[in-house]
Amino acid sequence: MLKRLSIILGLVLITGCVHKPSVNEMADADYGQVPTHYNQMIKAKIKKSLVDPESVRIEVPRPYPAVRPLGLSKGGEYEYGHVVHVWVSTKNDLGQYTEKSPRIYWWSNTGWSTRLSSLEGVIPKYPEQAEEYSGVRFTSY
């Protein structure tokens, strides 16, 4: 019982320290730079994972600055960077292109990139710009 209480108390203390960045913090933050050849980098990553990379259609719109949570394992901190929504369509067995499927890529302000499984918790610096570039509707900050 004491062990369970200690775990619950620890989680409450950790989540109590979590805060979303303020509007001023977001305005003054360093979002880093997206490489000028981000388009080619993303396409190369995607093509590596496909059986028939030559038949793929990939749309890579412009990146936009955003903030994403790193989770409780990282103390509830947030990371600044850029998000790119990518749309991928491949040929099926009948030779027809499939419906576009989304993929989301992230560049942090430290320079590394990764693929995100979702936009959960991601806060765009400029929501209207993010909606224009991605086609995804964001709730207001």
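Cross-link pairs exceeding 30 Å between alpha carbons, from the set 45/125; 91/125; 20/48: 91/125; 20/48. Restricting region 45-94 to GluC sites (Glu not before Pro) that sit in a DSSP loop and have at most 16 other Cβ atoms within 10 Å of their own Cβ leaves 77.
Restriction of the GluC sites (Glu not before Pro) in region 103-135 to DSSP coil positions whose beta-carbon has at most 13 other beta-carbons within 10 angstrom yields 120.
Annotation note: trypsin sites (Lys or Arg not before Pro) in region 38-139 located in DSSP loop regions with a Cβ neighbour count of at most 11 within 10 Å are 137.
Scan around residue 66 for amide H atoms under 5 Å from its own, H built in the peptide plane at 1.01 Å from N, and keep only partners 5 or more places away or cross-chain. Under 5 Å from the amide H of residue 66: 81, 82, 83, 125.
Any read-out appearing in this document is the output of simple, stated calculations on the displayed coordinates, not a laboratory observation. These figures come from a predicted structure and were not determined experimentally. Every residue, glycine as well, gets a Cβ built from its backbone with ideal geometry; the counts of neighbours run over all protein chains shown.
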